[in-house]
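Student: The structure follows.
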């Protein structure tokens, strides 16, 4: 494939720029490579050089929205207490602990930063493309991490339950039957898996524009930081969602698959545009 093989055509079908991931509508002019059968923007930077690697989009800041929410709740609590106890508000704050609903946000931010640090090395060598803290359109919710690896797109939610045992249970303890459930610290947390299915659907919707040109698999993942794991079970799946720790997460997102480097970068650019930073 050479740069001279490219020519300008009017597209008969919608496509996607192989350089930047931009949507190319039916009837628009595009640069066409008849050898690779791929289209790119006419004015896309570097489009004339098919050997130049596509630069990944900015990854965003892991844990930023969780930390911001934790800071907001901490400030609100301080303001309420000082208003209620004008003279001894500072003493009350010093002698009382903030509620878990406040501290959990800061702990969540620490967990997201831990996961981001684990993903930094394979992202630096181009094995994966990473997007942190993405906004869900029309909602206050966010997606902690999106990782585009050789095997597909991974939708990752980070949880930090320090010292809590993470396990998969089937049945009610008397009979080994029924759907698998997720337990953390002895409590049923299967609702976290249900939430991951909703996040994965959001990402599949954001990828609709690429589905016709690139074969994509969307994988939902719950990553528990500082949890305890059984030596016999290790990472596992519950209702199609992978449940793992940071080390297992790296193995999962870097496993081999059909997506080449250019494909991964195109998908990452597309997701960065459809799901902006929170």
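Student: Can you give me the Cα centroid spacing of segment 204-278 and segment 106-121 in angstrom?
Tutor: Computed from Cα coordinates, the inter-centre distance equals 16 Å.
Student: Any chance you could give the angle, 0 to 90 degrees and rounded to 10, that helix 261-274 forms with the longest Cα principal axis of the chain?
Tutor: 60 degrees
Student: For the pair residue 170 and residue 256, what calculated FRET efficiency results from E = 1/(1 + (r/R0)^6), where r is the Cβ-Cβ distance and R0 = 30 Å, to the nearest 0.05?
Tutor: Given R0 = 30 Å and the Cβ-Cβ separation, E is 0.50.
Student: Given R₀ = 51 Å, what would the calculated FRET efficiency be for residue 81 paired with residue 7, taking r from the Cβ atoms and rounding to 0.05? List each step's numbers first, then the result.
Tutor: Values: r = 69 Å, r/R0 = 1.36.
The pair residue 81/residue 7 has a calculated efficiency of 0.15.
Student: Now for a separate question. Only bridges whose two residues both fall in the chain count here: according to DSSP, what percent of them are antiparallel, nearest 5?
Tutor: 70 percent
Student: Right, another one. State, as an integer percentage, the relative contact order of the chain based on alpha-carbon contacts under 8 Å between residues 6 or more apart.
Tutor: Working: 502 pairs, mean separation 58.4, N = 278.
Value for the chain: 21 percent.
Student: Which whole-number percent of Cα pairs in segment 116-274 have a distance greater than 20 Å?
Tutor: Details: 6328 of 12561 pairs.
Of the Cα pairs, 50 percent sit more than 20 Å apart.
Student: Any chance you could run the full-extension gain for residue 239 through residue 194? It's 0.36 nm times the residue separation minus the Cα-Cα distance, nm to one decimal.
Tutor: Full extension of this stretch gives 15.3 nm more.
Student: What ranking do 216-222, 182-188 get when scored by the average of other Cβ atoms within 10 Å per residue, highest first?
Tutor: Numbers: 216-222: 19.7, 182-188: 14.6.
Going by the mean number of other Cβ atoms within 10 Å, highest first, we get 216-222, 182-188.
Student: Also: For the chain, state what percent of all Cα-Cα pairs lands in each successive 10 Å bin, counting from 0 Å until the bin that includes the largest distance.
Tutor: Reading the bins upward from 0: 6, 25, 28, 20, 13, 6, 2, 0.
Student: Take every DSSP beta bridge with both residues inside segment 116-274 and express the antiparallel ones as a percent of the total, to the nearest 5.
Tutor: Taking every DSSP beta bridge with both residues in segment 116-274, the antiparallel ones total about 60 percent.
Student: To continue, here is another question. State whether segment 58-192 is rounded, prolate or oblate according to the following rule on the C-alpha gyration tensor (a ≥ b ≥ c being the square roots of its eigenvalues): a/c under 1.5 gives rounded; otherwise a/b larger than b/c gives prolate, and the remaining case gives oblate.
Tutor: Taking the square roots of the gyration eigenvalues as a ≥ b ≥ c, segment 58-192 is oblate.
Student: Between residue 96 and residue 29, take the C-beta separation as r, use R0 = 41 Å, and let me know the FRET efficiency to the nearest 0.05.
Tutor: Given R0 = 41 Å and the Cβ-Cβ separation, E is 0.05.
Student: I've got another one for you. Sort 145, 270, 191 so the one with the fewest other Cβ atoms within 10 Å of its own Cβ comes first.
Tutor: Ascending Cβ contact count within 10 Å gives the list 191, 270, 145.
Student: Another question, then. Can you tell me the order of 87-93, 159-165, 241-247 when each peptide is scored by its average per-residue count of other Cβ atoms within 10 angstrom, highest first?
Tutor: In descending order of packing, they fall as 241-247, 159-165, 87-93.
Student: Angle, helix 100-124 long axis vs. longest principal axis of the chain, Cα atoms, 0 to 90°, nearest 10?
Tutor: Approximately 30 degrees, to the nearest ten.
Student: Please report 20, 28 as a ranked list, fewest other C-beta atoms within 10 angstrom at the top and most at the bottom.
Tutor: 28, 20
Each reported figure results from applying straightforward, stated rules to the coordinates on display, with no laboratory input. Computed from a prediction, not measured in an experiment: that's the story for all the values here. All Cβ positions, even for glycine, are placed from backbone atoms using ideal geometry, and neighbour counts span all protein chains on display.
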